[in-house]
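Asks: Got a structure for you, questions after.
The values are calculated or read from the model by the stated rules, or taken from the named source; none is laboratory data. On a predicted model such as this, the values are computed, not experimentally measured, just so you know. Glycine also receives a Cβ, built like all others from the backbone with ideal geometry; neighbour counts cover every protein chain displayed. Each accessible area value is taken on the protein alone, full model and side chains, heavy atoms only, with ligands, DNA and RNA left out. Shrake-Rupley method; radii C 1.70, N 1.55, O 1.52, S 1.80 Å.
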Amino acid sequence: MFGLDYSWLGDPVYQRWLVDGVWVTLQLALVSSLAAVAIGLVGALGQTLRLWWLDACIELFVEIFRNTPPLLQMLFFYFTLTQIGFTVTDPVTGLQHPLLSAFVSAAISLSLFGGALCIEAFRSGLDAVPKATLEAARSLGYTRLGLFRRVQAPIAARVCLPSLTNILTNLFKTTSQASVITVPELMYAAGQVYSDTFRTLEMMLMVLLVYVTLVSLLAWALTLAERLLAYPGYGKGF
Amino acid sequence: MLTDTRYQRRKRLALLAILGAAIAWIAFDALLGGSAEWARVISRLPLLLTGSGPAWSIQGGFAFNVLMGMLSMAIATLLGLLMGIALLARNAWLRRGAFMIMNFLRNSPWIVLLFAMLYLLPHRVELFGTTLSFSPFFKAVVGLSLPTAANFAEIIRGAVGSVHSGQWESARSLGYGTAQIYRQVILPQALRRMIPGWMNLYALLMIATALATVTGVQEVVTLLRTTLAMESETALVYFYLTVLLMFFLYCYPIALLARRLENRTKGDAI
Amino acid sequence: MTARNQSLIELDGIRKSFGGNEVLKGISLNVAKGEAVCIIGPSGSGKSTILRCINGLIPIDEGFVRVGKHRVHEIRHERGMRPLRRQVAMVFQQYNLFPHRTALENVMMAPVQVLKHDPGEVRERAIALMAKVRLAGKESSYPGELSGGQQQRVAIARALAMQPEIILFDEVTAALDPETVKDVLTTIRELVEEGMTCLLVTHEMRFAREVADRVCFTDHGLIVESAPPAALFDTPQDPRTREFLSQVL
C-alpha cells in the first residue's frame, strides 16, 4: 500500500524490541504521572498555607519548569545526575554503574515538569471554588481542615479534572523525548529498528499510530472519569 | 491574617529576593572559582545565539528557534483557523473529519510528528518546472506547525463555545443570519478570549522548537550538544543553565502577559 | 441594664472599614430571645455586613458583639468561632449549597461532620426538615437540579439541621423568581411563629411588616431608626426613613 514496506514487522526480534519499548514507555508514563500528581498536591497544598515565602518558592519552581523545554530539562538532569557520581558496584561483574540511570533521570525530570503543571492546575481549581460556598461552610462551623476536606477539595477536584486530563496526556506524549537521553522506550526502540531496516518512514508512521492510540485511550479513560464524577445540574467548570 | 494586597506584595518581594540571590551567587561564583567556566560560556554565547562565532550573521542558534517559532506560528494560525471553521461547520461530515484530524494531531507527540515529517516530506519537489528543495529547517517548521494548528483549532472552538447561547438566540431573534451572527456577534466576543490562548500556544511552540534538534537543524540545542562535546565536563552545567535561561527569558514574559489578558477577559459578562 | 442582659444578641458601637471605605459607623442593636428583627435600608448601607459580624465571618474593627455567652469581638481565631457558629445559623442570598452533594446530604453534612451527631439520627431529622420546608421527595436531587426557591429552602433546612438558637437571613429572596419567593417566605414565617430568634436583612417590606417584632432602618452605616413595624412604616420619625419608604412603598 502506497509503496510502504512493512515486511520487517514479521521479524520476532523487531517485534520484541518494539513491545519492550512500549512497556518502558508505559512504565515511564505511569511513574512520572503518579509523581507529578503527588508533587502537584503537595505544591498546591503548600500554597493554600498562605506563607508568602513558601508561595514564592513554589511559584518560581512552577514558572521555571513551565517555561523551559522539557527536552533540555531532561538533558540537564541526565548529565548532571549521572555526573555527580552516585555509582553502585554490580556485585556480579564488579563494574561501576551510575546509580541514576537514564530512566531514573527521565522519570525525575518528567515528574518535576508534570508536577509544575499540576501545581498550577490544582491551585486554580482551589481558587475556582466560589468564596460564597466557603463562607457558607464556615458559617456551619467547619474547621479549616474540615472545610478543605469536605467542601473545597471535592469541588476543586472536579474543576481540575479537565486540565489534569490535558496534563497527563501531555506528559505521556513527552515521554517520547526520553529517547534523546537513550531511555529504551518506544521512540528509542523504533530508532534501533530503522537503523537496522532503513524503513524510516514506515517505522515513524507506525510509531505515530501507536502513540495516538495510547494517548487517545488515556484521554478517553480520563474523560470517562470526569463524566462519572461530575455532579448533575452543573456544566463544565460550573 | 495578612490582607491580600500586602500578601501579594510580600510574595513578589520574596520572588525578587530569590532572583537577586541567584544573580549574586552567579556573580560571586564568576569572580571566584567558576570564572573559567563562565568565561567559556561567554566565549560561546554568540555561537549559541546566532550560530556563527563572531555573531555577524544568523546561521542558527537561538535565533533559529525564534525564527522557526514565528514561521510555524504563522502557518499554524492559518491552518488552525481553517480547521476551527471546519469544526464549527454545519456539514456533519466536514465537522467529523476536522475533529478526527484535530484529535490525531493533538494526541501525537511533537517529536514523533517531527520525525514523521522529516521522512514523509520529499527532499525536493518539481513544481511548474522549478525545483523546490525542502531543507530540514522547512520540514521542522511544518512538523511544529501541525500540532500547533490542531491546538489553535481547539482554542477557537472553545472560545466560540464559551459565548453564551443567549447571544445566539437574541441575535437570531433580531433577524441575523448565521454568517452574520458569527461575524458581528460571536467572533468579536470570542476573539478576546482567544488571544490569551493563542499567546500561550506560542510560548508552548517556542519551547517545542528545541525538539527540532532531532531533524538536524542547527538550532540552539544542537549547537549546545556539539559545543559540549568539545568542552570539559565541569563547564557542562553552566552551559545548560545558560540555554535554559534563554528559553525562560523569552517565554516567561509571554506567559505573564497572556495571564494578565486572561484575567482581564475573565471579568467579561459571559 | 436588665433588658441588656436578657438579650440574646448584643451589638454596641460596631465599626468596620473595607480598605478606606467605612461601612459600619457605630451600629448598636439588641435582639431578645424569640424576637424577629428585620433590617431594611438602601443597598450599600451595610446591612449584610452586620449579619456577618454577628457570626464572626467578618472581624470588626471596633465595638462590642455578644451572642449568648460568646463575646465575638474577643475571639481571634477561626477555631474559637466554632461554638458560636453552632448557635448561629445563616442563610445566604445565593443559597451557597454544596454543588457536589444531594439536597439531603447538604442538610446532613454539617451535623454529622461538624457536630459529630449520629448519622442515623441526623438522617431522620434531615428528612423531617425536608418535609418541613415542603421538599419531601427532592432528597436525592442535586442543587443544580433544583429551582432557586427550592435551593433556598434546602439552605434553610441545612441551617435548621444545626439546631441553632438564632438564624440570620441575608436577603434570602433577592435572587429568586417572584413565584418562588412566597414559598420561602412561608417557611420563614413558620419559623418566626415557632419562636426562633431571627435576624433578617430584607427588601420585602410587606413581609417585614407582617412578621417582624421590630424593624431597623439603616443608612450609611448607621441604624437611623428602630421601631415596631406599624410605627416605623406608618409614622417614621427620621426624614431619611421617610424618604426611603416613599421610594420603595
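Asks: Which members of the range C:216-236 meet the condition of being farther than 13 Å from residue C:45 by Cα and part of a strand (DSSP E or B)?
Replies: C:225, C:226, C:227
Asks: On to the next question. Is it the case that residue A:146 is among the small types (Gly, Ala, Ser), facing chain C (nearest Cβ under 10 Å) and not in a helix (DSSP H, G or I)?
Replies: Judged against the criteria, residue A:146 is not a match.
Asks: So residue B:67 fits all but one of (1) surrounded by 15 or more Cβ atoms within 10 Å (Cβ to Cβ); (2) away from chain A (no Cβ under 14 Å); (3) in contact (Cβ under 8 Å) with a residue 60 or more places away in the chain; (4) part of a helix (DSSP H, G or I); what number is the exception?
Replies: (3)
Asks: Starting from the range B:97-113, keep only residues that are closer than 18 Å to residue A:172 by Cα, then list their pairs with residues that are part of a helix (DSSP H, G or I) and aromatic (Phe, Trp, Tyr) whose Cβ atoms are within a distance under 6 Å, requiring at least 6 positions of separation or different chains.
Replies: Correct list of pairs: B:108/A:211; B:109/A:211; B:112/A:211.
Asks: So which residues in the range C:191-215 are over 23 Å from residue C:87 (Cβ atoms), open to solvent by less than 60 Å² (accessible area, probe 1.4 Å) and part of a helix (DSSP H, G or I)?
Replies: C:205, C:207, C:208
Asks: Still on this structure, please answer the following. Any chance the range A:175-184 includes a residue that's touching a Gly at 6+ places or on another chain (Cβ under 7 Å), closer than 20 Å to residue A:18 by Cα and not hydroxyl-bearing (Ser, Thr, Tyr)?
Replies: Yes, some residue in the range A:175-184 is touching a Gly at 6+ places or on another chain (Cβ under 7 Å), closer than 20 Å to residue A:18 by Cα and not hydroxyl-bearing (Ser, Thr, Tyr).
Asks: Still on this model: Inspect the range B:202-215 for any residue being within 20 Å of the chain's Cα centre (by Cα), crowded, with 18+ Cβ neighbours inside 10 Å, outside any helix (DSSP H, G or I) and in the same structural domain as residue B:158 (by TED's automatic domain parsing) and give the result as yes or no.
Replies: no
Asks: From the residues in the range A:6-54 that are of a type in the set (D, E, K, R) and under 28 Å from residue A:205 (Cβ atoms), which one is nearest to the chain's Cα centre (by Cα)?
Replies: Among those residues, the one meeting the criterion is A:20.
Asks: Of the residues B:225, B:260, which is of a type in the set (Lys, Arg), more than 11 Å from chain A (Cβ to nearest Cβ) and either in contact with a Phe, Trp or Tyr (Cβ under 8 Å, 6 or more places away or on another chain) or part of a helix (DSSP H, G or I) (or both)?
Replies: Testing whether each residue is of a type in the set (Lys, Arg), more than 11 Å from chain A (Cβ to nearest Cβ) and either in contact with a Phe, Trp or Tyr (Cβ under 8 Å, 6 or more places away or on another chain) or part of a helix (DSSP H, G or I) (or both) leaves just B:260.
Asks: Now for a different question. Kindly provide the set of residues from the range B:114-132 that are closer than 22 Å to residue A:202 by Cα and either in contact (Cβ under 8 Å) with a residue 12 or more places away in the chain or open to solvent by 80 Å² or more (accessible area, probe 1.4 Å) (or both), ordered by number.
Replies: Correct list: B:114, B:115, B:116, B:117, B:118, B:120, B:121, B:122, B:123, B:124.
Asks: Here's another thing I want to ask about it. So, in the range A:197-212, how many residues would count as being part of a helix (DSSP H, G or I) and touching an Asp or Glu at 6+ places or on another chain (Cβ under 9 Å)?
Replies: Matching residues across the range A:197-212 total 2.
A quick yes/no check of all residues on (1) open to solvent by less than 40 Å² (accessible area, probe 1.4 Å); (2) modelled with pLDDT of 85 or more; (3) touching a His at 6+ places or on another chain (Cβ under 7 Å):
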| position | (1), (2), (3) |
| --- | --- |
| B:53 | no, no, no |
| B:62 | yes, yes, no |
| B:88 | no, yes, no |
| B:92 | yes, yes, no |
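Asks: Provide a single number: the residues in the range C:24-42 that are touching a His at 6+ places or on another chain (Cβ under 9 Å) and more than 15 Å from residue C:226 (Cβ to Cβ).
Replies: Final tally of qualifying residues: 2.
Asks: Given A:59, A:63, which one is open to solvent by 30 Å² or more (accessible area, probe 1.4 Å), at the interface with another protein chain (Cβ under 7 Å from one of its Cβ atoms) and either at pLDDT 90 or above or at positive phi (or both)?
Replies: Within the list A:59, A:63, the selection yields A:59.
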